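Q: This is the structure, below, for whatever I ask next.
Coordinate-derived values only; no laboratory data. Since this is a predicted model, take the numbers as computed values, not measurements. Cβ placement follows ideal geometry from the backbone for every residue including glycine, while neighbour counts extend to all protein chains displayed.
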Amino acid sequence: MIIEPRTRGFICITSHPTGCAQNVKNQINYIQSKGKIEGAKKVLVIGASTGFGLASRITSAFGSDAATIGVFFEKPPAKGKTASAGWYNSAAFEKEANHAGLYAKSINGDAFSNEIKEETIQLIKEDLEQIDLVIYSLASPARTHPETGIRHKSTLKPIGNTFTDKTVDFHTGVVKPVSIDPCSDEDIANTIAVMGGEDWKMWITKLKNAGVLATNFKTVAYSYIGPEITEAVYRKGTIGMAKNDLEKTAFEISDTLKNIDGQAFVSVNKALVTQSSSAIPVIPLYISLLYKVMKENNVHEGCIEQIQRLYADRLFASETLTDTEGRIRVDDWEMRADIQDEVSKLWKAADTDSLSQIGDLEGYRNDFFNLFGFKVDGVNYEEDTEEVVLIPSIS
C-alpha cells in the first residue's frame, strides 16, 4: 500500500515501516561512528520502542555490544492498517541487531502490569541469567495500578493559578494564546501515579527479588526540568510533581541496591520533539525557538546524540558526575545562560508572522513526522510498501 501521514492533533495515526527502519539505521550509524563505549553488556529497556528508550537500546547494543531486552506496548500491523511507529522501530532494531550477531528480544504488553514484569523476569533467567543495566523510559498517559486495579490518568495542568501564555499549532504555524485551568489535588495524585517513581521501583524490586540483577548494577530513569518559560505547565505543574517523585525514588532504589553495589540515577535530558512533548502546551513553541538557537550555536542534539553523551561521558565514565540534587545532567547545553537568554528574547517576539524567521518550526515539523517514519531522507514515499512487518522475537 502507499502509506501517507494522517494526523489527528499532536499524533500521527499512520506510520511508515521503511521510514522507521531508516531512522533506526541512521541512529545505529551515528553510534558506530562514535566508537565503543565500555558500558553494560546485558540491558533491559522498559519503554524501548521510541524516543529516548529506543536511543538507549541502540546505544547499548551498537555502542557496547550489549544483549538487550526491550519492553513496550505497541500496536501491531494488519493488512491495510499500519502498525504504530514503535512497532516498526523495534522490528528494524531487532533485524539490525540480529544481522550484527547481537542478542535482541522484545516483549509487547503493558509494562505497568505484574504479568509483563514476570514474563520479563522469566526471559532474563532463561537467556541472560542476570542484567547489569535497566533503562526506565515509559511515557504513558494512563496506568492501571497492578495492585489496586484503579486506572489513573495523568494531566498537563498548572498548580494554583490559571496559566495563560502562547503556543503554536505546529501544523499551521499559527501562534495563539493558550489558557489552562489549575489542577485539583486528585489531578496531582493521578499524575504522580502514572509518571512518578512507583512503577520504576516496582520493576527494580521484582528484578532484585528474582535474583536477576548483577553486582554493580545500574538503573536510569529520564526526567526534564526546562526553563522559566515552561515551568508553570511543566516543572511547577502536575508533571513536575511526578518528576519530583521520580527523582526522589532514585535515592530509595539506590538504598535497596547497596548489597549488590548498585545505583539508581535520574538523567535530566534536553527538550526534544517526542510524541509526549508534542501534547504539552507551550512546549512546541519553546522547542521551535530552542532548536534555532542551539543549531546556530552548534550544540543541537537529538535523542541518539543525547543518549550517546549520557553513556560515554556520564554513566560509564570513570566517575558519574551529578548535580547537587544527585541528578545526571545532559540538558547542560540547553540550559546554558547564553542559550536561554536568546530564547527568552525570541519568545517575546514570537508571533505567527515572525516565527518562520526567528524559530525553527520546519525543524520541529520534520522531527515530528520523522517520529512516525515520514519525511526521512532517502525514502521513496510513492513506492508501494508492505505494511505487515513482524518483530522476529515476537512473531
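Q: Below 15 angstrom from the Cβ of Arg336, what's the summed charge of the other residues (Lys, Arg +1; Asp, Glu -1)? Mind dumping the intermediate values first?
A: Details: positive: Lys270, Lys292, Lys295, Arg309, Arg329, Lys345; negative: Glu228, Glu296, Glu301, Asp323, Asp331, Asp332, Glu334, Asp338, Asp341, Glu342.
My count for the surroundings of Arg336 gives -4.
Q: Same structure again: Straight-line reach from Lys75: which aspartates and glutamates have a Cα under 17 Å away, not including same-chain ones fewer than 8 places off?
A: Glu94, Asp110, Glu386, Glu387
Q: So how much slack lies between Ile260 and Lys176, counting 0.36 nm per residue of separation and subtracting their Cα-Cα distance, in nm?
A: Details: separation 84, 0.36 × 84 = 30.24 nm, distance 5.27 nm.
Result for the pair: 25.0 nm of gain on full extension.
Q: Another question, if that's okay. What residue among Thr164, Thr120, Thr59 shows peak mean-square fluctuation when the chain is described by a Gaussian network model with Cα springs under 10 Å?
A: So, out of Thr164, Thr120, Thr59, the one fluctuating most is Thr164.
Q: Based on the alpha-carbon gyration tensor of the stretch 219-283 and its eigenvalue square roots a ≥ b ≥ c, which shape applies: rounded if a/c is under 1.5, prolate if not and a/b is larger than b/c, or oblate? Mind dumping the intermediate values first?
A: Working: a/c = 3.30, a/b = 2.30, b/c = 1.43.
Prolate shape, in that a/c is at least 1.5 and a/b is the bigger ratio.
Q: Additional query: Could you point to the residue in Asn216, Phe265, Ile283 farthest towards the positive end of the chain's charge dipole, with +1 and -1 charges on the Cβ of Lys/Arg and Asp/Glu respectively?
A: Ranked along the dipole, the leading option is Asn216.
Q: Which residue, chosen from Ala91, Gly53, Ser15, occupies the Cα position most advanced towards the positive end of the dipole of the stretch 3-97, where the dipole is computed from +1 (Lys, Arg) and -1 (Asp, Glu) charges on Cβ about the Cα centre?
A: The Cα lying farthest towards the positive end belongs to Ser15.
Q: OK, next. Loop only per DSSP, at most 15 neighbouring Cβ atoms within 10 Å: give me the trypsin sites (Lys or Arg not before Pro) in the stretch 286-336, ordered by residue number. Walk me through the numbers before you get to the answer.
A: Values: sites: Lys292, Lys295, Arg309, Arg314, Arg327, Arg329, Arg336; in loops: Arg327, Arg336.
Those that pass, being in a loop and sparsely packed, are Arg336.
Q: Let me ask something else. Would you kindly state how much longer the chain becomes between Asn380 and Asn298 on full extension, computed as 0.36 nm times their sequence separation minus their alpha carbon distance, in nm to one decimal?
A: Numbers: separation 82, 0.36 × 82 = 29.52 nm, distance 2.99 nm.
The span from Asn380 to Asn298 would gain 26.5 nm if fully extended.
Q: Once both labels are modelled 7 Å past Cα along the beta-carbon direction, what's the Glu38-Ala337 spacing in nm?
A: If labels sit at Glu38 and Ala337, their model points lie 3.6 nm apart.
Q: Pull out a ≥ b ≥ c, the square roots of the eigenvalues of the alpha-carbon gyration tensor of the stretch 1-149, then state rounded if a/c is under 1.5, prolate if not and a/b is larger than b/c, and oblate in the remaining case. Could the numbers behind the result be given before it?
A: Values: a/c = 1.88, a/b = 1.11, b/c = 1.70.
Cα axes put the stretch 1-149 in the oblate bin.
Q: Right, next: Rank Pro17, Pro281, Pro77 by mean-square fluctuation in a GNM of the chain with C-alpha springs under 10 angstrom and give only the top-ranked residue.
A: Of Pro17, Pro281, Pro77, the most mobile in the Gaussian network model is Pro77.
Q: Right, something else. Starting with the fewest neighbours, write out Asp185, Asp65, Asp341 ranked by other beta-carbon atoms found within 10 Å of each beta-carbon. If you can, show how the numbers build up before the last one.
A: Numbers: Asp185 8, Asp65 15, Asp341 11.
In increasing order of surrounding Cβ atoms, one gets Asp185, Asp341, Asp65.
Q: May I ask which residue of Thr167, Ala142, Ser154 lies farthest towards the positive end of the charge dipole of the stretch 82-173, with charges of +1 (Lys, Arg) and -1 (Asp, Glu) on Cβ and the Cα centre as origin?
A: Thr167
Q: Quick check: pseudo-label points 7 Å beyond the Cα along Cα→Cβ at Ser140 and Thr7, how many nm apart are they?
A: Label at Ser140, label at Thr7, 2.8 nm between them.
Q: Ranked by Cβ crowding within 10 angstrom, fewest neighbours first, how are Val178, Val376, Val43 ordered? Write out the running numbers ahead of the final one.
A: Details: Val178 15, Val376 20, Val43 25.
With the sparsest Cβ surroundings first, the list reads Val178, Val376, Val43.
Q: Amide H of Ile131: which non-local residues (sequence gap of 5 or more, or other chain) have their own amide H closer than 5 Å, using H built in the peptide plane?
A: Excluding prolines and chain starts, which carry no amide H, the hits are Leu213, Ala214.
Q: Still on this structure, please answer the following. Among the listed pairs Lys201/Lys270; Lys125/Lys270; Lys208/Lys236; Lys153/Lys270; Lys81/Lys292, give every one whose C-alpha distance is greater than 31 Å. Each step should come with its number before you reach the end.
A: On the way: Lys201/Lys270 24 Å; Lys125/Lys270 35 Å; Lys208/Lys236 33 Å; Lys153/Lys270 25 Å; Lys81/Lys292 36 Å.
Check vs 31 Å cut-off fails for Lys125/Lys270; Lys208/Lys236; Lys81/Lys292.
Q: Taking the Cα centre of the stretch 12-84 as origin and charging only Cβ (+1 Lys, Arg; -1 Asp, Glu), how large is the dipole, in debye to the nearest 20? Can you show the working numbers first?
A: Numbers: 9 positive and 3 negative charges, 29 e Å.
In debye, rounded to 20, the stretch 12-84 gives about 140.
Q: Continuing with this model, one more query. Placing +1 at every Lys and Arg Cβ and -1 at every Asp and Glu Cβ, with all other atoms neutral, what dipole size does the stretch 84-221 have around its Cα centre, in debye to the nearest 20?
A: On the way: 14 positive and 19 negative charges, 44 e Å.
With only Lys, Arg, Asp and Glu charged at Cβ, the dipole is about 220 debye.
Q: Pairs Lys25/Lys79; Lys36/Lys206; Lys36/Lys295: which exceed 29 Å Cα-Cα?
A: Numbers: Lys25/Lys79 25 Å; Lys36/Lys206 31 Å; Lys36/Lys295 26 Å.
Check vs 29 Å cut-off fails for Lys36/Lys206.
Q: Using amide H atoms built 1.01 Å from N in the peptide plane, name the residues 5+ places from His152, or on other chains, whose amide H lies under 5 Å from its own.
A: Under 5 Å from the amide H of His152: Arg143, Thr144, His145.
Q: Among His152, His16, His145, rank each residue by its count of other Cβ atoms within 10 Å, from fewest to most, as a rough exposure measure. Write down the numbers at each step before the final one.
A: Working: His152 19, His16 26, His145 16.
Starting with the residue having the fewest Cβ neighbours, the order is His145, His152, His16.
Q: Using a Förster distance of 30 angstrom, determine the FRET efficiency expected from the C-beta separation of Ala279 and Thr322, and round it to 0.05.
A: The value I calculate is 0.55.
Q: Can you figure out the FRET efficiency of Asn244 with Ala349, using R₀ = 30 Å and their beta-carbon distance, to the nearest 0.05? List each step's numbers first, then the result.
A: Values: r = 33 Å, r/R0 = 1.08.
After rounding, the FRET efficiency stands at 0.40.
Q: OK, next. Might you report the magnitude of the Cβ-based charge dipole of the chain about its Cα centre, with Lys and Arg at +1 and Asp and Glu at -1, to the nearest 20 debye? Mind dumping the intermediate values first?
A: Working: 42 positive and 54 negative charges, 60 e Å.
Dipole of the chain, to the nearest 20 debye: 280 debye.
Q: Express in nm, to one decimal, how much length is gained between Lys206 and Ala78 on full extension, taking 0.36 nm for each residue of separation and deducting their alpha carbon distance.
A: Working: separation 128, 0.36 × 128 = 46.08 nm, distance 3.43 nm.
Net length gain for the segment: 42.6 nm.
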